[in-house]
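Undergrad: Structure in structure tokens, see below.
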Amino acid sequence: MRRRFVRTFALVAALVCAPLVISSSSAAPQHPAAAGNVLEQKVIGKSVRGRPILAWHLDDRPIEGHKGPTVLLIAAMHGNEGAPRQLLETLRKARAIHGADVWLVPTYNPDGLAAHHRRNAHGVDLNRNYPYHWVDLDGNYESGAHPGSEPETRAMMRFLTELQPDYVLSFHQPLHGVDLDNKRPGFSRKVAHTLRLPATTLDCGGVCHGTMTGWYNHNFDGFALTVEYGARPSQRLMRAVAPRQVLRVFGAFGSFGGQG
Ligand SMILES: [Zn+2]
């Protein structure tokens, strides 16, 4: 039933958003070409200011013939929460990943990152703009003119609908914890334990409105989870420790060359 809804939704989305169809041929020239363990670099959409939102697909070397789960890691949905980008960049530069089919979106909100600002260039909090329990919010949690009003939101909706990852981890700061108030509390607890973060409830002070994880978890079989690091996680944690921990969550491991 849910799958059928998803297909219908995907069809509708494709029709509504036809001019914004995902293209891998328009990759931004300022970024290095796919190399090393990167299979593919894809532009999943553009920001308000026209910056490309890039996704990187890493090669998955099966462990004993078993391909791992499809995992999407997202950082900098809020432009002033950029530290976990280092975690994703370390994975992108890994020599090899074994046991997980990993996609990375290190800079989901490139306009916000450039401005050191939580919201996008329209002043919208992308994590309140998704069409699940959307309400009209103002101020720091400005939710946009209507559900899915922002190009960054629509880009990720298309990408998630196309990829349908088994797991999505969305990295934020600075609340220092992993949310358990969701459809997979057991897995969430495992993530918290493996990443050495407190298991907690990130309930937005009530119902979470218009969040990406809420939208994905409602519409798809896969599971999306918010992971919050602290305000200033160390470079050692982001570049050396956490990349290995994240892979371990999925029964995977990596080779990182000289990066410790
Ligand atoms: Zn955030």
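The values are calculated or read from the model by the stated rules, or taken from the named source; none is laboratory data. The model shown is predicted, which means the values in this text are computed figures rather than measured ones. As a convention, Cβ positions derive from the backbone with ideal geometry for all residues, glycine included, and neighbour counts pool all protein chains shown.
Undergrad: Hey, could you check the stretch 221-260 for residues that are part of a loop (DSSP other than H, G, I, E, B) and not small (Gly, Ala, Ser) and say which is farthest from residue 68 (Cα to Cα)?
TA: Residue satisfying both the conditions and the ranking: 232.
Undergrad: Hey, another quick one. Are there any pairs, at least 6 apart or on different chains, whose C-beta atoms fall under 8 Å, with the first in the stretch 164-179 and assigned to a loop (DSSP other than H, G, I, E, B) and the second small (Gly, Ala, Ser) and more than 14 Å from the ligand (Cβ to nearest atom), and if so, which?
TA: Cβ pairs passing all conditions: 164/222; 165/222; 166/222.
Quick grid of which residues meet (1) at pLDDT 95 or above; (2) under 27 Å from residue 104 (Cβ atoms); (3) more than 15 Å from the ligand (Cβ to nearest atom):
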| residue | (1), (2), (3) |
| --- | --- |
| 137 | no, no, no |
| 143 | yes, yes, no |
| 147 | yes, yes, yes |
| 153 | yes, yes, no |
| 159 | yes, yes, yes |
| 164 | yes, yes, yes |
| 169 | yes, yes, no |
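Undergrad: Conditions: (1) surrounded by 20 or more Cβ atoms within 10 Å (Cβ to Cβ); (2) over 24 Å from residue 221 (Cα atoms). Residue 156 meets all but one. Number of the miss?
TA: Every condition holds for residue 156 apart from (2).
Undergrad: Any residue in the stretch 223-234 that's over 17 Å from residue 127 (Cβ atoms) and touching a residue at least 12 places away in the same chain (Cβ under 8 Å): show its pairings with residues that are near the ligand (Cβ under 10 Å from one of its atoms) and not aliphatic (A, V, I, L, M) at Cβ separation under 7 Å, as long as the two are six or more apart or on different chains.
TA: As it stands, the answer is 230/173; 230/174; 231/173; 231/174, since those pairs meet every condition given.
Undergrad: Okay, moving on. Within the stretch 173-206, can you find the residues that are basic (Lys, Arg) and under 20 Å from residue 83 (Cα atoms)?
TA: Across the stretch 173-206, the qualifying residue is only 196.
Undergrad: Only one of these conditions is not met by residue 235: (1) under 18 Å from the mean Cα position of the chain (by Cα); (2) under 26 Å from residue 111 (Cβ atoms); (3) among the polar types (S, T, N, Q). Which number is it?
TA: All conditions pass for residue 235, except number (1).
Undergrad: Turning to a different aspect of this structure: Just to be sure I understand, how many residues within the stretch 183-219 are over 17 Å from the mean Cα position of the chain (by Cα) and among the β-branched types (Val, Ile, Thr)?
TA: 4
Undergrad: Go through the stretch 80-123 and give me each residue that's among the charged types (D, E, K, R) and outside any helix (DSSP H, G or I).
TA: Matches in the stretch 80-123: 81, 93, 95, 101, 118, 119.
Undergrad: How about the stretch 43-84: which of its residues are touching a strand residue (DSSP E or B) at 6+ places or on another chain (Cβ under 9 Å), away from the ligand (no atom under 15 Å from the Cβ) and over 22 Å from residue 151 (Cβ atoms)?
TA: Once the filter is applied, which keeps residues that are touching a strand residue (DSSP E or B) at 6+ places or on another chain (Cβ under 9 Å), away from the ligand (no atom under 15 Å from the Cβ) and over 22 Å from residue 151 (Cβ atoms), the stretch 43-84 yields 58, 59, 60, 61, 62, 63, 67, 68, 69, 70, 71.
Undergrad: Now for a separate question. Does residue 145 meet the test of being more than 15 Å from the chain's Cα centre (by Cα) and either surrounded by 20 or more Cβ atoms within 10 Å (Cβ to Cβ) or not in a loop (DSSP other than H, G, I, E, B) (or both)?
TA: In short, no.
Undergrad: Let me ask something else. Scan the stretch 219-244 for residues that are touching a Ser or Thr at 6+ places or on another chain (Cβ under 6 Å) and more than 16 Å from the ligand (Cβ to nearest atom) and report the count.
TA: So the answer is 2.
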